[in-house]
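Student: Before I ask anything, let me first share the structure, which is written out below as structure tokens.
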Amino acid sequence: MTMSSRAVSGTAELDHFYDAVKRIHGRALWQTAGTAKKPPTVPYLWKYRDFRPLLIKAAEIVPIELAERRVLVMANPGITTDWQASNTLLANLQIIKPGEVARSHRHTASALRLVIEGSGAYTAVDGEKSYMEPGDFVTTPNWTWHDHGNEGASAMIWLDGLDVPLVQGLEANLYEAYSAKKFPVTKPTDLSLRLYGAGSLRPTWVKHHAIHSPLLNYKFAQTYAALKAMAGQAEGSPYDGVSVEYTNPLTGGPALPTMACFASLLRPGRHTQAHRHTGGTIYHVTHGSGRSIIGGKVFHWDEKDTFVVPSWAWHEHHATSESVLFSYSDSAVLQPFGLYHEEALEENGGHQKVEGEFEPLPVPERRPAA
Ligand code: 1HN
């Protein structure tokens, strides 16, 4: 894919020419690296045991009114222009204490939650509340008003996935605060779950015109039961184990227009085959422990850890105990435009040669562009 970048320079006439092009804010294409830019996203793993104590500390010392959302960002050390998990996606951890409300706002970035611990907190989206439990996958579609509140007795923590860097790259990142702390609740709790959570039954009288899924909460109990039933009868994918996509029940498409979301059950002791595809993917370990080999390095993961597989990086998984991996990817954006490519590793029996173990990297100097 490299365009010829043979240096055409060295004479006074050429130097003069390049100067003239530069003065008009131009650049000769044959002098650039063309399409061969190295992607900055590096494979990385964030341990929950490192983040959890600092989330608890933040809950003690940072008032929610000041933070708007009490969130710690998982920052990819390969990306030095900002704090983000991959080139297109954020992976953050949010904590909310009993009695707190994270005020209502909306933005053109889409968001998802994967609940990690606690109970009694809700997310309200455009007037519908849904109470969240560990393992639940909760959608906050773009430009919907949303607030979170904890009505339970203990702090609640979840993973936030957002497409903010993608939307920023498109210069389409709009944000608006609601005039009050909470958007009015106008619908019964979990109405969307009742209407759309029954698999292939579609309510005939309800109109849903938006492009995102009408379902706000994909309950873990239902997902896990489906995975176990499938695992009893089927081998699943050679690359991802028994893996399901969370879909928009009306279209069969991705749950969120920009983020494809999956739950994968990995059986203990099995190795998946290595493959690579375009589309950076964030994985969160809902249950279990094991390791993944990403770009030739071994990443050991435990329950509640989060890791990123960059676009086009080889990866394969090995669970040591039965594991459920939640994942989300920008492949939803790539698929409709012919940008999704995938290939299996043919050599070495479909497994990468292991070149070492993942080690935490030094924290880089970051310089946000703006
Ligand atoms: C956001 O709206 C939430 O609503 C969490 O909980 C994290 C990170 C960046 C931009 C918006 C939320 C966010 C966010």
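Student: Add +1 for every Lys or Arg and -1 for every Asp or Glu among the other residues with Cβ under 9 Å from the Cβ of residue 147, and state the total. Please report the intermediate quantities before stating the final value.
Tutor: Details: positive: 103, 181, 182; negative: none.
It works out to a net charge of +3.
Student: Can you give the Rg/Rh ratio of the chain, where Rg is from the C-alpha atoms and Rh is the Kirkwood radius?
Tutor: Numbers: Rg = 22.4 Å, Rh = 22.2 Å.
With Rh from the inverse mean 1/r over Cα pairs, Rg/Rh is 1.01.
Student: In addition: At a Förster distance of 35 Å, what's the computed FRET efficiency of residue 339 paired with residue 15, Cβ-Cβ distance as r, to 0.05?
Tutor: On the way: r = 38 Å, r/R0 = 1.10.
Plugging the Cβ-Cβ distance into 1/(1 + (r/R0)^6) gives 0.35.
Student: May I pose another question? When only Cα pairs under 8 Å and 6 or more residues apart are kept, what is the percent relative contact order across the stretch 122-188? Working shown, then result.
Tutor: Working: 57 pairs, mean separation 30.2, N = 67.
Relative contact order for the stretch 122-188 comes out at 45 percent.
Student: Let me ask something additional. Name the residue farthest towards the positive end of the dipole of the chain from the options 116, 195, 349, assuming +1 on Cβ of Lys and Arg, -1 on Cβ of Asp and Glu, about the Cα centre.
Tutor: Looking along the dipole axis, the top candidate is 195.
Student: For the stretch 62-72, take each phi angle, set θ = phi - 60°, evaluate the Karplus expression 6.51 cos²θ - 1.76 cosθ + 1.60, and give the result in whole Hz per residue in order, putting x for glycine and proline.
Tutor: Whole-Hz 3J(HN,Hα) from phi for the stretch 62-72: 10, x, 4, 5, 7, 8, 6, 10, 8, 10, 9.
Student: Mind pulling the angle between the C-alpha long axis of helix 220-231 and the longest principal axis of the chain? Nearest 10 degrees, somewhere in 0 to 90.
Tutor: It is inclined by approximately 70 degrees.
Student: Of the options 89, 39, 11, report the single residue whose Cα projects farthest towards the positive end of the charge dipole of the chain (beta-carbon charges: Lys, Arg +1; Asp, Glu -1).
Tutor: About the Cα centre, the residue reaching furthest to the positive side is 89.
Student: Can I ask one more? For the chain, take the longest principal axis of its alpha carbons; what is the angle in degrees between that and the long axis of helix 48-61, to the nearest 10 within 0 to 90?
Tutor: 70 degrees
Student: Still on this structure, please answer the following. Using 0.36 nm per residue, how much length does the chain from residue 68 to residue 108 gain when fully extended, once their Cα-Cα distance is taken away? Kindly include the intermediate steps, with their values, before the conclusion.
Tutor: Numbers: separation 40, 0.36 × 40 = 14.40 nm, distance 1.72 nm.
Extra length from residue 68 to residue 108 when fully extended: 12.7 nm.
Student: Taking 0.36 nm per residue of sequence separation and subtracting the Cα-Cα distance, how much length would be gained by fully extending the chain between residue 321 and residue 226, in nm to one decimal? All intermediate terms of the calculation are to be shown ahead of the outcome.
Tutor: Values: separation 95, 0.36 × 95 = 34.20 nm, distance 1.87 nm.
Result: 32.3 nm gained on full extension.
Student: Sort the stretch 211-341 into rounded, prolate or oblate with this rule: let a ≥ b ≥ c be the square roots of the eigenvalues of the Cα gyration tensor; rounded if a/c is under 1.5, and if a/c is not under 1.5, prolate when a/b is larger than b/c, oblate otherwise. Could the numbers behind the result be given before it?
Tutor: Values: a/c = 1.76, a/b = 1.17, b/c = 1.51.
Because a/c hits 1.5 or more and a/b fails to exceed b/c, the stretch 211-341 counts as oblate.
Student: While we're on this one: By how many degrees, between 0 and 90 and to the nearest 10, does the Cα long axis of helix 12-23 differ from the longest principal axis of the chain?
Tutor: Orientation of helix 12-23: about 30 degrees from the principal axis.
Student: State to the nearest 20 debye the size of the charge dipole of the chain about its Cα centre, where the only charges are +1 on K and R beta carbons and -1 on D and E beta carbons.
Tutor: Charge dipole of the chain: 500 debye, to the nearest 20.
Student: Antiparallel DSSP bridges in the stretch 232-370: what percent, to the nearest 5? Mind dumping the intermediate values first?
Tutor: Numbers: 39 of 41 bridges.
Given both bridge residues lie in the stretch 232-370, the antiparallel proportion sits at roughly 95 percent.
Student: Using a 10 Å cut-off on Cβ atoms, rank the peptides 16-25, 111-120, 162-171, 333-342 from the highest mean neighbour count down. All intermediate terms of the calculation are to be shown ahead of the outcome.
Tutor: Numbers: 16-25: 10.1, 111-120: 20.7, 162-171: 18.6, 333-342: 13.3.
Ranking the peptides 16-25, 111-120, 162-171, 333-342 by packing returns 111-120, 162-171, 333-342, 16-25.
Student: Here's another thing I want to ask about it. Over the chain, calculate the relative contact order: mean separation of alpha carbon pairs under 8 Å at least 6 apart, over the residue count, as a percent. Present the calculation step by step, with values, prior to reporting the outcome.
Tutor: Numbers: 866 pairs, mean separation 57.9, N = 370.
Result for the chain is 16 percent.
Student: Given R₀ = 35 Å, what would the calculated FRET efficiency be for residue 357 paired with residue 117, taking r from the Cβ atoms and rounding to 0.05?
Tutor: Working: r = 28 Å, r/R0 = 0.80.
In this case the efficiency is close to 0.80.
Student: How far apart, in nm, are two points set 7 Å out from the Cα along the Cα-to-Cβ line at residue 175 and at residue 80?
Tutor: Those two pseudo-labels are separated by 2.6 nm.
Student: Please state, to two decimals, what the Cα-based radius of gyration of the stretch 43-182 comes to when divided by 2.2 N^0.38 Å (N = residues). Let's see the in-between values first.
Tutor: Values: Rg = 14.5 Å, N = 140, 2.2 N^0.38 = 14.4 Å.
For the stretch 43-182, the normalised Cα radius of gyration is 1.01.
Student: So what's the net charge close to residue 129: Lys and Arg +1, Asp and Glu -1, counting the other residues with Cβ under 11 Å from its Cβ?
Tutor: Computed value for this residue: -3.
Student: Per DSSP H run of n ≥ 4, the term is -39500 (n - 2.57); total these for the chain, divide by its residue number, and report the mean residue ellipticity at 222 nm rounded to 500 deg cm²/dmol. Please report the intermediate quantities before stating the final value.
Tutor: Details: 7 runs with 58 residues, N = 370.
Mean residue ellipticity, 222 nm, calculated: -4500 deg cm²/dmol.
Quick note: the coordinates plus some simple rules give every number you see, no bench work behind them. If you're wondering where the values come from, they're calculated on a predicted model, not measured in any experiment. Every residue, glycine among them, receives a Cβ derived from its backbone with ideal geometry; neighbour counts consider all protein chains shown.
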